[in-house]
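Throughout, read-outs are computed from the coordinates displayed, never taken from laboratory work. Given the structure is predicted, the values throughout are model-derived calculations rather than measurements. Every residue, glycine among them, receives a Cβ derived from its backbone with ideal geometry; neighbour counts consider all protein chains shown.
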Amino acid sequence: MHRRGFLKASLGTAGLLAAGANLALPPLMAAAAGKLEIYSWWTAPGEVEALDALYAAFKAAYPDVEVVNAALAGGAGPGGNMKAVLQTRLLAGQPPDSFQVHLGHELTDSSVKAGEMEPIDFLYQSEGWNTVFPDQLLSISQSQGHQWAVPVNIHRSNVMWFNTAIMNASGMSIPTTFHDYLALGDALKAQGIPLMALGESVPFHTAHVFENVLLGVLGAEGYKALWTGVTPFSDPGVTESLSMLDRLIGLANPDYLSIDSVGAIDLVIAGRAATIIDGDWTNGYLKSKKFADFGYTASPQTQGVYNALADSFGLPKGTADRDNAISWLKICGSLAGQDAFNPLKGSIPARVDGGQGPGYDSYQHAAIADFKSNIIVPSTVHGFSAKQSFVTDFVNILNGFAVNRVIADTQASLVAAAQVAGFA
C-alpha cells in the first residue's frame, strides 16, 4: 500500500541519507546460488497475499532457490525507515538482490543517478517486454537511454471508494464534482457521519488526497504542467485546491491526526465514514478483509483521467545472488507472475496481455479498460512525476497543512519546494 508516509526530512534527500546512516546495517548475506533476498514495504493485508503469490510463481519455476522475504514490517511504506535502511545498504555495498521501488523518477533520479543499479535492457530484449508493456510505462522507466526496472503492476491514485450502505441511505447520487461531494458531506454531517476518511498520523494520506484535488481543479493538462513549471505553484488553481482540501478536512473524521491511512480504510469498512480518496491498493485491502459492501468511482472532477503509478523491481549492482535476481525479474515481468500478483494486490497488470485470468474483479476489469481509454497523468506522491527530494518535501508540507491548515504559508512552501526541485 503506497500510503504511509515519508521521513520527516525537510532536508530532502540529504536528510534521508543522513537518517539512514544512523541505522544499524543488517548483516551481509553470504553469497549463495540457492538464495534470493527481496526487499519491500509490503506488509499490510492485501499486499502480503499478493507478494506471497508472486513468490509462489517464482518457486514454481525455481524450486531450489530459498526466497528470503526482507519486507520491513513497520517500515512506514514507501518512505520512512524502509528507504533509509535500503539506502544505507546500497551505500555500504550490501544491496538486497532486488527491491521494490516506484517506477519512474523515484528510481531514476536516485539509485540510477548514483550508479547503484544495472541497466536491464538485455531482459527487455530477451523477454519481449518492449512489446508487452504500454508505451507510457516504457517511457517513464527509461533513463540515460536504458531500462532500469520491470513494472509488476499499474495502480490508480484517483479513486473514491465508498460505503454503499451509507451512500444508499443518504438518498443522494454518487458525487462526481466537488460541489456535489461537499453537498453530500453537509448532509452526512447532520447525521454525525464524516464525508471523507483521512489518516495522517504518518505523513502521506493528505498529500495523496491533495494531488487528486489538484488534478480535479486544474484538469489533466494543468496538473501535468505543475511538474514542468508551466503551471507554477503560485497559480490561483493551487490556492483553490488548498481551499478545497481545507473544506474536505473539515468534513473528515476528527481523529485524522491519530490514525494512518490503513485505519482510515477501516473507518469506511466499519461505516464510520462514507468515503475515502485512495489508490486501488484499497481494493486489495478490502478483498483481504472480505468486505464487499463498497463502491468506487473516479475522485471528484477526474472522470476520464487515470492518475497512474507502478511498482517495480530492478537489479542492484553487487548483489550476492545476481543470477537469481535476474530470474526474479523475469517472473515479475511474466504473464504468470503478473496474473498471480495483481488480482490480490487490487491493481492491474503492467502487461497489455494480462488481466484475463481468474481472480480479477469488476473494478480491475473496469480499470484495465480505463487505462486504455483515459488520459494518463503521473502520480507525484508515488514517484512517477518528480524526484524523491521533492516528493519528500511535498508530503511533509501537506502533513503540516493537515496540522495547521494555513493556506498561504502552505502555498509559499510549495512554491519554494518547486524552485529547489527545478520546476520553476
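Odds and ends about this structure:
- Amide H contacts for LYS35 (H built 1.01 Å from N in the peptide plane; partners 5 or more residues away or on another chain; cut-off under 5 Å): GLU66.
- What you get for the range 313-361, charging only the Cβ of Lys and Arg (+1) and of Asp and Glu (-1), is a dipole of about 200 debye around the Cα centre.
- The phi-based Karplus calculation (6.51 cos²θ - 1.76 cosθ + 1.60; θ = phi - 60°) puts the 3J(HN,Hα) values of the range 212-221 at 7, 5, 4, 4, x, 7, 8, x, 4, 6 Hz, whole numbers, x for Gly and Pro.
- Antiparallel bridges, percent of DSSP beta bridges restricted to the chain (to nearest 5): 65 percent
- Calculated [222 nm] ellipticity per residue, helices only, for the chain: -13500 deg cm²/dmol; basis is -39500 (n - 2.57) per DSSP H run with n ≥ 4, divided by all residues, nearest 500.
- Helix 362-373 vs. the chain, principal-axis angle (Cα, 0 to 90°, nearest 10): 90 degrees
- ASP260 long-range amide H proximity, modeled H, under 5 Å: SER201
- Considering only SER173, ALA190, SER98, and ranking their Cα positions along the charge dipole of the chain that arises from unit charges at the beta-carbon of Lys, Arg, Asp and Glu, the one farthest toward the positive end is ALA190.
- The dipole here belongs to the chain: it is taken about the Cα centre, uses +1 on the Cβ of Lys and Arg and -1 on the Cβ of Asp and Glu, and is about 340 debye.
- Degrees, to the nearest 10: 80-91 long Cα axis against longest axis of the chain: 30 degrees
- Charge dipole magnitude, Cβ of K and R +1, D and E -1 - the range 51-152, Cα centre, debye nearest 20: 260 debye
- With the charge dipole of the chain set up from +1 on Lys and Arg Cβ and -1 on Asp and Glu Cβ about the Cα centre, the Cα lying farthest toward the positive end among the listed residues PHE384, SER261, SER334 is that of SER261.
- With the simple model of a label 7 Å out from the Cα in the direction of the Cβ, SER170 to ALA190 spans 1.4 nm.
- Checking the Cα-Cα distances for LYS59/LYS113; LYS287/LYS372; LYS345/LYS387 against a 27 Å cut-off, the pairs over it are LYS59/LYS113.
- Fully extending the segment from GLU66 to ALA412 would add 119.5 nm, taking 0.36 nm per residue of separation and subtracting the current Cα-Cα distance.
- Packing around the peptides 255-267, 409-421, taken as the average count of other Cβ atoms within 10 Å per residue, puts them in this order, highest first: 255-267, 409-421.
- Within a Gaussian network of the chain (alpha carbon springs, distance under 10 Å), most fluctuating of ALA197, ALA165, ALA386: ALA165
- Angle in degrees between helix 335-345 and the longest Cα principal axis of the chain, rounded to the nearest 10: 40 degrees
- Among SER312, ALA325, PRO300 the positive-end extreme of the charge dipole of the range 246-380 (Cβ point charges): ALA325
- Scalar couplings 3J(HN,Hα) for the range 404-419, obtained by applying the Karplus form with A = 6.51, B = -1.76, C = 1.60 to θ = phi - 60°, are 9, 6, 9, 5, 4, 5, 5, 5, 4, 5, 5, 4, 5, 5, 5, 5 Hz; x denotes Gly and Pro.
- In Hz, Karplus ³J(HN,Hα) per residue of the range 350-359 (6.51, -1.76, 1.60; θ = phi - 60°; x = Gly, Pro): 6, 6, 6, 9, x, x, 9, x, x, x
- Separation in nanometres of the label points that stand 7 Å from Cα toward Cβ, at ALA369 and ASP255: 4.0 nm
- When semi-axes √(5λ) of the Cα gyration tensor in Å is calculated for this entry, the matching label among (i) 44, 29, 18; (ii) 31, 29, 21; (iii) 34, 24, 20 is (iii).
- Linear extension gain, ASP52 paired with ALA114, 0.36 nm per residue minus alpha-carbon span: 19.2 nm
- Distant-in-sequence amide contacts of ALA298, defined by a placed amide H-H separation under 5 Å and a gap of 5 or more residues or a different chain, comprise MET160.
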